[in-house]
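J.: Below is a structure I'd like to ask you about.
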Amino acid sequence: MSKRTVIVSGGMLEEDFVLPILKDEDTEFIIGVDRGLVFLYDHGIKPDYIVGDFDSTPERLVAYYREEVNVPIREFNPVKDASDTEIALRLCLDMRRKEIWILGGTGSRLDHLWANVQCLQIALEAGANARILDSHNQIRLLNQGITLKREEAFGPYFSLFPLELPVDDFNISGAKYPLKNHFLKPSDSLCVSNEFQEDEVKISFAYGRVILMETRD
């Protein structure tokens, strides 16, 4: 697997979960996004790039990065057509980064979470592997089938939802609740909270895009 780029956004950032990822040798590049800079600063982690409109970042901190730290900054007017996280994701793609992890992409603001989930489609269309993570969730977007291995699973549960349009010929095997030739609709909650029955779960579908959420309590 290629070295990862980590986007640190301004949502939920739990030390015990986030710090090991940022300090892992497979993390090659870190982008601080708006309030995510507070977390990085407080833990002595220097980002490789900074993105945001900084409307939720203390001015003293923004001044510190502008004047005292040699880090490229891409600053935007708060009145803009994309979220800070989307801008950071597009920056990753411009730099041809293929393995992208978004931390701080979840939290109390469900509108921000949903915007971040939709942004995964941008990476998918560019051929990149992007995911949103916190200590309880890993969210990815699929445009083709996948095999999940119990020993590599993020958690014991997984849920699946079509992103935009219904998904035909949807199949799950090796799970507690298997499916065969199902027509999965956006209003369908049938695929919430499934579990491993065997060591491998196979998911396949004819066309479309499917949100995969791997979760743990």
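None of the figures in this text is laboratory data; all of them are computed from the coordinates on show. Note that the structure is predicted; figures quoted are calculated from it, not measured. Quick reminder, even Gly has a Cβ in these numbers, built from the backbone with ideal geometry, and neighbours come from all protein chains shown.
J.: Need the full-extension length gain, Thr27 to Asn143, defined as separation in residues times 0.36 nm minus the C-alpha distance. One decimal, nm.
T.: Working: separation 116, 0.36 × 116 = 41.76 nm, distance 2.54 nm.
Separation in residues times 0.36 nm, less the Cα-Cα distance, equals 39.2 nm.
J.: Over segment 90-195, what is the percentage of antiparallel beta bridges among all DSSP beta bridges, to the nearest 5? Each step should come with its number before you reach the end.
T.: Values: 7 of 12 bridges.
If I count the DSSP bridges inside segment 90-195, around 60 percent turn out antiparallel.
J.: Report the residue, chosen from Phe183, Phe29, Phe39, that carries the largest GNM mean-square fluctuation when the chain is represented by alpha-carbon nodes joined by springs under 10 Å.
T.: In the Gaussian network model the winner is Phe183.
J.: Just to be sure I understand the model, the point goes 7 Å from the Cα along the line to the Cβ. What's the resulting Glu151 to Ser2 distance in nm?
T.: Going from the Glu151 label point to the Ser2 one covers 2.7 nm.
J.: To continue, here is another question. Label Arg60 and Arg90 with points 7 Å out from Cα along Cα→Cβ: what is the distance between them in nm?
T.: Distance between label points: 3.4 nm.
J.: Relative contact order (percent) for the chain, with alpha-carbon contacts under 8 angstrom and 6 or more residues of separation? Walk me through the intermediate numbers first.
T.: On the way: 459 pairs, mean separation 40.1, N = 217.
With pairs under 8 Å counted, the relative contact order is 18 percent.
J.: Using each residue's phi in segment 32-42, evaluate 6.51 cos²θ - 1.76 cosθ + 1.60 at θ = phi - 60° and report the 3J(HN,Hα) Karplus result to the nearest Hz, with x for Gly and Pro.
T.: For segment 32-42, the Karplus curve yields x, 10, 6, 5, x, 4, 4, 4, 4, 5, 5 Hz.
J.: Per DSSP helix of 4 or more residues, -39500 (n - 2.57); summed, then divided by the residues of the chain. What does that give at 222 nm, rounded to the nearest 500? Walk me through the numbers before you get to the answer.
T.: Values: 5 runs with 52 residues, N = 217.
After summing the helix terms and dividing by residue count, I get -7000 deg cm²/dmol.
J.: Give me the percent of DSSP beta bridges within the chain that run antiparallel, rounded to the nearest 5. Mind dumping the intermediate values first?
T.: Working: 27 of 47 bridges.
Here the share of antiparallel DSSP bridges comes out near 55 percent.
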